[in-house]
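Scroll down for the structure; my scribbles are underneath it.
Please treat every number below as a calculation from the coordinates, not as lab data. Just so it is clear, the structure is predicted and the values come from calculations on it, not from any experiment. Note that we place each Cβ from the backbone using ideal geometry, even for glycine, and neighbour counts take in every protein chain shown.
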Amino acid sequence: MKVSLPPFPLQPRVYRINRTMDVIPAVDIKDGKCVRLFQGRMDAETVFSDDPAAMAKRWEEEGAEIIHVVDLNGAIEKSPQNLGSIKKIVNSVDANIQVGGGIRNERTIRMFLEMGVKRVVIGTEAIRNPKLVKDACKDFPGQIVVGIDARKGLVAIEGWTKTTKIQAVDLAIQFQDSGVTAINFTDIHRDGMETGPNIEETRKLAEAINIPVVASGGISSIEDIHNLKPLENVGVVGVITGRALYSGSLKLKEAIEVLKNQK
């Protein structure tokens, strides 16, 4: 039986009474393998495992309550490409799974949720078809996350291959009061680089909206987790981390304990 997490509350400046920031391991899938990219470049990958489900199980055993799964091929091809791997992850763990990559229509959203995925992440279509996001929030309350990936503050789409002229903050504001459960905010230049998260841009985004924010990109060490902790006060509810966990520069159990105990 999967543990059912409630939707992130929609009042980020007061919600911390009963929750601590989540540490969310990333399992990025390319060609059926668990990989990490440098700055989102599909030609700059490191393969960490031939078995993404085994990696997800490892993070669950180390305390993860949510696991962030990305279909990298799907993001490029505009439709899911690693369904077998994703289904195996869902069937292998009790942790809640959120999935992004190639989610462009209501049919795909419904397919993933019926598969057992807890939340779906909509990225490119949040710009191209914001109505899809808003309608999905009504049809699947508490299960829709908007992924905003930014390069120098501007939103990138199509698996980060194209950069728009839309500011990340402006896009997020469009979804105020629509029922979006969280905004996943990624600084592309820092993703996979282990150079530390973009604290100020994350703070700027969180302060501009009443939607909970999940930070992503650049996490390198336990010091970065300490530095992110104060952002709980402005509505940052979680942090996604990948390469640092796989390289061993960050220990998942330690990060969870820091966020649980640091005042």
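For the reader, a short list of remarks on this structure follows.
- DSSP bridge orientation in region 20-261 - percent antiparallel, rounded to nearest 5: 30
- Cα-based shape type of the chain, given that a ≥ b ≥ c are square roots of the gyration tensor eigenvalues and the cut on a/c is 1.5: rounded
- Among Lys118, Lys253, Lys131, Lys33, the order by Cβ neighbours within 10 angstrom, fewest to most, reads Lys131, Lys253, Lys33, Lys118.
- Cα-based shape type of region 97-249, given that a ≥ b ≥ c are square roots of the gyration tensor eigenvalues and the cut on a/c is 1.5: prolate
- Convex hull volume per residue for region 95-155, taking Cα atoms only, in Å³: 87
- When the charge dipole of the chain is built from unit charges on Cβ atoms (+1 for Lys and Arg, -1 for Asp and Glu) and taken about the Cα centre, the candidate among Gly116, Leu132, Gly153 whose Cα reaches farthest toward its positive end is Leu132.
- Bridging of Lys57 to aspartates and glutamates at a Cα separation below 18 Å is possible for Asp22, Asp28, Glu65, Asp71, Asp94, Glu254, once same-chain residues fewer than 8 apart are set aside.
- Shape category assigned to region 43-128 from the gyration tensor of Cα positions, a/c cut at 1.5: oblate
- Asp135/Gln167 FRET efficiency (R0 25 Å; Cβ-Cβ; nearest 0.05): 0.55
- Exposure proxy ranking, count of Cβ atoms within 10 Å, fewest first, for Cys137, Cys34: Cys137, Cys34
- Contact order normalised by residue count of the chain, Cα under 8 Å, 6+ apart, percent: 21
- Counting neighbouring Cβ atoms within 10 Å and putting the fewest first, the residues Thr124, Thr46 line up as Thr46, Thr124.
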